[in-house]
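Reading through the structure tokens given below for one structure.
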Amino acid sequence: MKKLSAAMLSMVLAGSMLLTGCGGNNTNAQAGADTGAAEGGTLRMGTNAAFPPYEFMDENNQVAGIDAEIAAAIADKLGMELQITDMAFDSLIPALQSDTIDIVLAGMTVTEERAESVDFTDSYSTGVQVIIVPEGSPITTPDDLAGKTIGVQSGTTGDIYCTGDYGQENVKQFENGAMAVAALANGQVDCVVIDNEPAKAFVAANEGLVILDTEYITEDYAAAVNKGNTELLDKVNAAMAALKEDGTIDAIVGKYITAA
């Protein structure tokens, strides 16, 4: 599997803790590298900056992380200025539909249900949903989750899968992952289901918590645009293909996640 570098883990944890109990109202803009950025317009990206290392708030209270840098590289390829808005995860698709934003990069998993409302780009990363438990927990595999209280971030695939598998009565939704993990540390839930990379950051910040070796599910991450916006979809896919080919996306991911 993969792990955060020590230096980045420190910054990720600082950013993620800023978000505990906070709303998502921060907006930051990054200009394109050339003077043609303004002529190409603004690419309005929505995200939920509580998902390190994909997105988090840095020491300057700006959205940083894998998705922010990939979006900046895409905007540069398109000759556009990137504007990032942080909001609740379950507000992202409605924001696309209301034309509040143009694109979502938020560690968003491709699902059939979401594909009914948005168009997904080609995948740029793979995520793994894992289970966080207290040390010594009787939960040792996903099969042990039946009848337990499961903490999740509202609107994520962890929420969707756990609610579908174990019923709403056994799932407790939180605004972000940090709040779900805090509830686990306080004994309010029995476990948390969340993506592997932020899980490692949260466990490192909370003594007495561990990640089970057994994966819950593996999934593909992609950017999303409003349903039917084929012009933007095609442009983003072309830019993303070029960034994959020249190694830019691999370099961005490698900056935040290093192979074990």
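The values are calculated or read from the model by the stated rules, or taken from the named source; none is laboratory data. All of these numbers come straight from a predicted model, not from anything done at the bench. Reconstructed Cβ throughout: ideal geometry from the backbone, glycine too, with neighbour counts over all protein chains shown. When the accessible area is computed, the model is the full protein with side chains, heavy atoms only, and any ligands, DNA or RNA have been set aside. Shrake-Rupley method; radii C 1.70, N 1.55, O 1.52, S 1.80 Å.
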Per-pair calculated FRET efficiency, R0 = 22 Å: Asn206 and Ile160 via Cβ, rounded to 0.05: 0.35
Taking only protein heavy atoms and a 1.4 Å probe, what accessible area per residue, in Å², does region 30-182 have with all protein chains in place? 38 Å²
Taking all protein chains as present, what is the carbon and sulfur share of the accessible area of region 73-230, in % to the nearest whole number, probe 1.4 Å? 43 percent
Only Cα pairs under 8 Å and at least 6 apart count here; give the relative contact order of region 50-137 as a rounded whole percent. 21 percent
Label-to-label distance, nm, for residues given as Asp220 and Ala183 (7 Å Cα→Cβ offset): 3.1 nm
Simple spin-label estimate for Ala242/Glu116, 7 Å along Cα→Cβ, in nm, reads 3.6 nm
Please calculate the 1.4 Å probe accessible area of Ser91, with all protein chains present, and give it to the nearest 10 Å². 50 Å²
DSSP-loop trypsin sites (Lys or Arg not before Pro) across region 192-260, with at most 11 other Cβ within 10 angstrom: none
Just to make sure I understand: if all protein chains stay in place, what is the order of Glu81, Glu219, Glu135, Glu169 by accessible area at 1.4 Å, largest first? Glu169, Glu135, Glu81, Glu219
Which whole-number value in Å² is the accessible area per residue of region 197-260, probe 1.4 Å? 48 Å²
